[in-house]
């Protein structure tokens, strides 16, 4: 019963209260109403901020205040709306005020002896504009200079002077936030609030003894963006040190070339060994070693068969030696070029002459190797 009496009383106040009246709007002014802000635990701060906002609208160029004594809680109760009115209730409040735009919101206590004001600008046919501002809870006088500055900043944001907020959180760290390389904002209790114009901005978290932590953020009109940069320090970038592609290619080519040259040397030595053994057995038979007649004695047949096989093996070994030798020489030449000769496009005077190297495969009856001569 008591609840219904309160609702009926609020409704009666709304119905009999004088309609909102613009305070002498000019030809080019924008009328706006400021509803008394609601609060559960910071009534003094809410009343003071309400008064400071109304004073600022009266004094601001381009604005005119729609005078009203009604509060958000009074209107939501009378119109049977939730305490945080949804869009349809906001439209009904606007109709009740006969205002196309009005400012409404809440003030609540927050940590560290501060209060946070959550303000909404209703504009008929436009999306909600949310503004948050945190300040010291001891600002309970609407004429306080600090509170007046806060009210001025809020009204400026409504007018588009500052249209977005970035909240940087850094845990328990101390330091400062650098915006676009110039603006510096110290961290307070591990966080910082920065008001920025709409668009892209560079945010840097500067913590003593830690690498620079940089982010890019896109600020939207009337929106609050939170950046959690705690423990997100990035190591210094290694700019100016591109991947050594030529050195890697040169090293791989040189390694493959050396391998091919070693194979060519080994095959050459094997070929020489086969030919020498075949020449040693050649006097033991006559004619073509691969076509010895059936009348040949067993010793001659064995020697001829061995020589025939040695010659066949030598032919295959010779092919492998030639191919691997040519490939090895080409790969070694490529590797030497990339590693020691090609130094890029630098033509500055005084540059040291390119290093040179000469690599020569060597072979013999009982040995093989690779000779490297040059300066490095």
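Assuming R0 = 56 Å, what is the FRET efficiency of residue 61 and residue 247, from their Cβ-Cβ distance, to the nearest 0.05?
Values: r = 66 Å, r/R0 = 1.18.
Efficiency, from the Cβ-Cβ distance: 0.25.
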In Å and on Cα atoms, what radius of gyration and Dmax does segment 61-211 show? 18.2, 58
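Could you work out how much longer the chain between residue 174 and residue 306 gets when fully extended? Use 0.36 nm per residue separation minus the Cα distance between them, nm to one decimal. Let's see the in-between values first.
Values: separation 132, 0.36 × 132 = 47.52 nm, distance 8.77 nm.
Difference between extended and current length: 38.8 nm.
For a protection proxy built on the mean count of beta-carbon atoms within 10 angstrom, sort 55-66, 245-256 highest first, please. If you can, show how the numbers build up before the last one.
Details: 55-66: 17.2, 245-256: 15.2.
Put in order of decreasing packing, that is 55-66, 245-256.
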Cα convex hull of segment 42-140 - mean projected area over all directions, nm²: 6.6 nm²
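Figure the gain on full extension for residue 182 and residue 84 (residue separation times 0.36 nm, minus the Cα-Cα span) and round it to one decimal in nm.
Gain on extension, residue 182 to residue 84, equals 31.4 nm.
Given that compact globular proteins tend to follow 2.2 N^0.38 Å, what is the ratio of the alpha-carbon Rg of segment 142-209 to that value? Write down the numbers at each step before the final one.
Numbers: Rg = 13.8 Å, N = 68, 2.2 N^0.38 = 10.9 Å.
Normalised Cα radius of gyration, segment 142-209: 1.26.
Report the extension gain between residue 108 and residue 224 in nm, rounded to one decimal, defined as 0.36 nm multiplied by the number of residues separating them, less their alpha carbon distance. Don't jump to the answer; show the numbers that get you there.
Numbers: separation 116, 0.36 × 116 = 41.76 nm, distance 1.78 nm.
Stretched out fully, the residue 108 to residue 224 stretch lengthens by 40.0 nm.
Of all the C-alpha pairs in segment 101-175, what % are more than 18 Å from each other? Spell out each step's value before the answer.
Values: 1366 of 2775 pairs.
Here the tail beyond 18 Å accounts for 49 percent of pairs.
Readers should treat all values here as calculations from the given coordinates under stated rules, not as data from a laboratory. Remember, it's a predicted structure, so these values are computed and weren't measured experimentally. Cβ coordinates were reconstructed from backbone atoms using ideal geometry, including for glycine residues, and neighbour counts include every protein chain displayed.
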